[in-house]
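To keep things clear, I will list the structure first and then write my remarks on it.
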């Protein structure tokens, strides 16, 4: 399965590529936003991408942030230490490829709120993660919490499940939610305005 973010050099998870986001239910597109094979982002001058937890496989053209000072990392900062060292509304896209499953579960809402802060209005958060319970999830001893297809619903106030209202994080719109139970999940969340009045 092709993943949502333009990452290269992560053979243990497979290559991942950027997608073109659109209406809810959109599926990943290999040719969108860059070369679907190389992971290179052909971004417009008005676009800025942040690759969170990039390690040595940073997406070309993005700003890489990781807690490890390895080649390719531009900003050395621990993802779990909020706030991050950027101004509000700095980025048009944030890539989180095979990172969310490593986070301490009790920090996830704060981290997603921080990414919401850093995105421009309508900005997109692109996530790839192994499906909870899959071989890819269980094989890594540092994985702490898996996601299933219902998990993104906790971030979208318009989702029919109304799970958003348990924690009430900053609001997102689910644009892509694709998964294989024996493989990976691919999720794109679009930043909603706090002024939107969700239908309840």
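Quick look at the values:
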| quantity | calculated |
| --- | --- |
| Rounded Å value of the spacing that divides the Cα centres of the range 145-181 and the range 52-79 | 27 Å |
| Gyration tensor (alpha-carbon) shape descriptor, the range 49-191, a/c threshold 1.5 | oblate |
| Cβ-derived FRET efficiency at R0 22 Å, residue 90 paired with residue 145, nearest 0.05 | 0.20 |
| Protection-proxy order for peptides 66-73, 93-100, 129-136, each taking the mean of Cβ atoms within 10 Å per residue, highest first | 93-100, 129-136, 66-73 |
| Relative contact order of the range 49-191, pairs being alpha-carbon contacts under 8 Å that are 6 or more residues apart, as % | 20 percent |
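Bear in mind that the values in this text are calculations on the coordinates, not laboratory data. Only a predicted model underlies this, so the values are computations on that prediction, with no experimental measurement involved. No Cβ is skipped: glycine too gets one built from the backbone with ideal geometry, and neighbour counts run over all protein chains shown.
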